[in-house]
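Here the structure comes first, spelled out in structure tokens, and everything after it is commentary.
Since every read-out is calculated from the coordinates, none of them should be taken as a lab result. Being a predicted model, the structure only gives us computed values, none of them experimental. Quick reminder, even Gly has a Cβ in these numbers, built from the backbone with ideal geometry, and neighbours come from all protein chains shown.
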Amino acid sequence: MDTMEAIFTRRSIRKYTKQEVSDELLKELLEAAMCAPSASNCQPWCFVVIKDHKVMDEIPRYHPYSGMLPEASVAVVVCCDLRQQQTIGYGVEDCSAATQNLLLAAHAKGLGTVWLGVYPNESRVNGTKNLLNLPEYILPVALISIGYPAEQRPRQERYMDEKVHYNQW
Ligand SMILES: Cc1cc2nc3c(=O)[nH]c(=O)nc-3n(C[C@H](O)[C@H](O)[C@H](O)COP(=O)(O)O)c2cc1C
């Protein structure tokens, strides 16, 4: 799949088959995530891979829109190491770029994903920190649910001329 096709056809997938995502494929997805741009190339991201369903199934207790997780093969928590972010605030943007890279790479490999927002929702940040025993300098930014798709969702046309301004507002 070429890059433009991956961008245009990626959709959030919330239903999965029982097929497991292999460790090799997961590593490729993490490599893609770590290829993202970051402020001053500081690469402040770190990842918690959750394969244990005893852990994954706890997430819907504090994250109200994560009901698809018990069906997923794996979840990845994209975190920012606050000691490594270059400029305050940019770390979250860096981790968002890594998240989108992972989503697109997964789609190109035939997997389905959903980006589950964590930061800046305080109860989701604290719930994730407590569940995963994160140190205080590790900020969970996003959760990604991953599995082989059991639903197909069509491409959406989202381009709007009126959202684009040239030279001035
Ligand atoms: C920051 C962010 C937070 C999101 N949080 C959730 C979430 O908690 N649960 C969920 O099911 N989808 C979540 N989504 C996915 C959006 O609902 C989805 O991207 C949007 O509806 C557009 O659909 P698409 O991904 O199929 O293009 C989130 C997406 C982003 C970017």
Net charge of Cβ neighbours under 15 Å - reference TYR119; Lys, Arg +1; Asp, Glu -1: -3
For THR99, THR113, THR17, THR87, which order do you get if you count the other beta carbons within 10 Å of each Cβ and list the fewest first? THR87, THR17, THR99, THR113
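On a 21 Å Cα-Cα criterion, which of the cross-link pairs LYS15/LYS163; LYS18/LYS54; LYS109/LYS163; LYS15/LYS54 come out too long?
LYS15/LYS163; LYS109/LYS163
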Does region 83-169 come out rounded, prolate or oblate by the C-alpha gyration tensor, with a ≥ b ≥ c the root eigenvalues, rounded set by a/c under 1.5 and, if not, prolate when a/b is larger than b/c and oblate if not? oblate
Using the membrane-span-like helix rule (whole DSSP H runs, Cα extent along the own axis of at least 20 Å, mean Kyte-Doolittle hydropathy at least -1.0), which helices of the chain qualify? 90-108
Radius 10 Å from Cβ of ARG10, net charge of other residues (Lys, Arg +1; Asp, Glu -1): +2
Fewest-first ranking of TYR159, TYR90, TYR65, using other Cβ atoms within 10 Å as the exposure measure: TYR159, TYR65, TYR90
Sorted largest first, extent of the chain alpha carbons per principal axis (Å): 51, 39, 30
Taking every DSSP beta bridge with both residues inside the chain, roughly what % is antiparallel (nearest 5)? 95
Proximal charge balance of LEU139 [Cβ under 13 Å; K/R count +1, D/E count -1]: -2
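Is it possible to state the helix-based mean residue ellipticity at 222 nm for the chain, with each DSSP H run of 4+ residues giving -39500 (n - 2.57), the sum divided by total residues, to the nearest 500 deg cm²/dmol? What is it? Can you show the working numbers first?
Details: 5 runs with 52 residues, N = 169.
Calculated from helices alone, the mean residue ellipticity at 222 nm is -9000 deg cm²/dmol.
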